[in-house]
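Report on the structure given below.
Coordinate-derived values only; no laboratory data. Note that the coordinates shown come from a computational prediction; the quantities given were computed from them, not determined experimentally. Note: ideal-geometry Cβ built from the backbone for every residue, glycine included; neighbour counts use all protein chains shown.
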Amino acid sequence: MKKDIAVVICNWNKKEYVLRCIESVLASTVKNIDIYVVDNASTDGSVIAIQQWYGDSVFLIQNEVNKGGAGGFNTGIRTVLKKTYTYIHLLDNDAFLDVVALESSIEFLEQYPDVGIVGSKIYLMDVPEQIQEMGARINHNTFNIELNYGGAVDDKNIPEIVECDYVPACSMMVRTEALRKAGTMDEQYFIYWDDIDLGYRIKQAGYRIVCYGRAKAWHKRGAAAKANTFSTYYFWRNRVHFFASYLNDAALKRFAERLQEEMFQAIYMSNYTGRYNNARTILHAVEDALEGVRNKAGKDRIFEREQVPERFLQVISEYKEVEIVVRSDIRTLRMIVESIQQSHESVKVSLVSKNNMASELKGQFPNLPIYSRIGDSGSQFICQACNYISEVRNEISDDIQMYVDQFMNVIHSEEDREHMKAYDTVYDLFRNIHLPVLQQRMLEWKERHSV
């Protein structure tokens with residue numbers, strides 16, 4: 001009997017998770033499917049376990065080396081495209097599907113033939129009601145991606161259908177017709193930005209990309225990002241390659257300006273906090289991108305993260321109540337609030353809305369008091385949540401005892417404040433020297449790869 005859908009699961013050394021992943025697919029309401037598991041040369045017994053548990057229920061493909069997420073998925077995609085499937089569902093090994101996720105995705109694609117990819121609403125496995133993302137948009141002003149509803153707790157205000165520029169390969173269904181038109185994944189990314197690039201090309205081929213709320217999946221976030229600079233390297237390197245590949249010369253110069261601004265910001269704070277390996281990784285990543293280095297990271301590119309004291313939580317531990325002035329997105333705010341609650345359960349947290357966010361904050365943090373003015377909570381300690389510490393360097397107020405961002409960088413002591421006062425002076429020096437060189441190298445990269 002002809003089957004219309006193939007599920008491709010990419011696995012590397014996550015035996016327990018991949019078994020649960022396969023089980024979730026088999027439990028789906030849609031039964032007329034084939035499951036392909038591509039193993040990237042795992043050494044943890046994944047292959048034997050899959051064979052023992054599922055045998056003929058899956059097609060097992062074994063790569064001789066680890067080809068990364070892009071290469072792993074491509075191995076499965078190429079196999080599937082030789083057959084007559086209408087849809088392919090890509091699924092990470094550490095994700096699992098709701099029982100109607102596949103059925104909902106198929107129904108959506110059947111209803112909207114102009115949609116090339118439909119992504120799942122992805123929740124955090126460890127916090128099942130919290131959304132990891134509903135796809136993302138490419139921001140051509142910041143030259144980065146912005147997650148849709150990242151960090152939000154699911155509620156009735158979140159739309160069921162969200163238009164996107166890309167949805168993650170963590171859980172997405174794509175038309176085989178769209179893949180044949182736009183091409184498969186660029187496996188030279190190895191990992192990260194590969195699905196963004198695929199989404200971009202499929203949109204260029206004339207299709208829409210959406211996230212559909214009825215197609216639900218849960219994803220386990222790895223702890224590796226906290227232990228080493230693996231994700232930092234690939235995110236920075238592949239971001240440079242992505243934008244350099246598609247921008248014209250004028251936009252490429254603007255991208256170079258934004259990139260050097262962010263490089264300085266990251267390096268300046270990494271140096272101050274003692275996270276030198278983070279700065280080293282960023283410099284290597286950008287240099288490798290400009291030199292055309294791709295695929296798996298070379299030697300001495302990924303480092304262990306230094307174990308530095310978490311100043312934010314050290315300071316918070318001295319107080320019974322904390323008032324947080326909100327000048328950040330929900331994802332950053334939730335990271336800050338949860339870090340307090342997990343480390344210091346007895347500390348009472350309240351929020352102050354300064355950007356007409358009161359209604360949204362009440363929905364997302366129903367157990368926290370929400371105030372409209374600083375000091376209304378009566379707390380002795382007031383801090384401000386921001387996305388990046390550097391954004392508030394010229395508006396530091398005596399009313400705020402501490403500023404904290406998504407990376408847990410803080411401005412608290414007098415030394416911190418003096419450090420940020422020097423930011424613009426040092427940045428101007430860096431910019432004047434670095435920006436012209438970076439812009440020229442970007443244009444040279446474009447010329448080499450346009451031939």
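What the table shows:
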{"quantity": "Gyration tensor (alpha-carbon) shape descriptor, the range 343-451, a/c threshold 1.5", "calculated": "prolate"}
{"quantity": "Backbone HN-Hα couplings from phi across the range 30-44 [Karplus 6.51/-1.76/1.60, Hz, Gly and Pro as x]", "calculated": "8, 10, 7, 9, 10, 10, 10, 10, 9, 9, 8, 6, 5, 10, 9"}
{"quantity": "C-alpha long axis of helix 276-290 to longest principal axis of the chain, angle in °", "calculated": "50 degrees"}
{"quantity": "Contour excess over end-to-end distance, with Cα ends at Glu395 and Glu306 and 0.36 nm allotted per residue", "calculated": "29.0 nm"}
{"quantity": "Cα-centre dipole for the chain with unit charges at Cβ (Lys and Arg positive, Asp and Glu negative), debye to 20", "calculated": "1140 debye"}
{"quantity": "C-alpha center-to-center spacing [the range 181-220, the range 131-171] in angstrom", "calculated": "13 Å"}
{"quantity": "Angle between the chain longest axis and helix 68-81 axis [Cα atoms, degrees, rounded to 10]", "calculated": "30 degrees"}
{"quantity": "Theoretical FRET efficiency, 1/(1+(r/R0)^6), r = Cβ-Cβ of Glu318 and Lys82, R0 51 Å, to 0.05", "calculated": "0.20"}
{"quantity": "FRET efficiency, 1/(1 + (r/R0)^6) with R0 45 Å, evaluated for Ser450 and Leu124 via beta carbons", "calculated": "0.65"}
{"quantity": "Amide H within-cut-off set for Val115, under 5 Å, with H built and near neighbours excluded", "calculated": "Arg208"}
{"quantity": "Thr43-Asn355 pseudo-label distance in nm [points 7 Å out on the Cα-to-Cβ vector]", "calculated": "4.4 nm"}
{"quantity": "Hull-based mean projected area of the range 132-182, where the convex hull spans the alpha carbons, in square nanometres", "calculated": "4.8 nm²"}
{"quantity": "Computed [θ] at 222 nm, helices only, for the chain once each DSSP H run of length n ≥ 4 contributes -39500 (n - 2.57)", "calculated": "-13000 deg cm²/dmol"}
{"quantity": "In order through the range 314-326: 3J(HN,Hα) via Karplus (6.51 cos²θ - 1.76 cosθ + 1.60), integer Hz, x for Gly, Pro", "calculated": "4, 5, 4, 4, 7, 10, 8, 9, 9, 9, 10, 7, 8"}
{"quantity": "Nonlocal amide H pairs with Asn387, under 5 Å, H built at 1.01 Å", "calculated": "Asp329"}
{"quantity": "Cα-based helix-to-principal-axis angle, 423-450 vs the chain, degrees rounded to 10", "calculated": "20 degrees"}
{"quantity": "Peptides 302-309, 378-385 ordered by average Cβ neighbours within 10 Å, highest first", "calculated": "378-385, 302-309"}
{"quantity": "Farthest toward positive dipole pole in the range 5-222 [+1 Lys/Arg, -1 Asp/Glu at C-beta], among Cys10, Asn63, Leu26", "calculated": "Asn63"}
{"quantity": "Protection proxy ranking, peptides 130-138, 326-334, 364-372, average beta carbon neighbours within 10 Å, highest first", "calculated": "130-138, 326-334, 364-372"}
{"quantity": "Relative contact order %, the range 311-407, counting alpha carbon pairs below 8 Å whose residues are six or more apart", "calculated": "34 percent"}
{"quantity": "Antiparallel DSSP beta bridges within the chain, as percent of all bridges there, nearest 5", "calculated": "40 percent"}
{"quantity": "Dipole axis of the chain (+1 Lys, Arg; -1 Asp, Glu on Cβ), positive-most option in Val162, Asn367, Thr332", "calculated": "Val162"}
{"quantity": "Projected label distance in nm at Glu103 and Asp376, using a 7 Å step from Cα toward the beta-carbon", "calculated": "4.6 nm"}
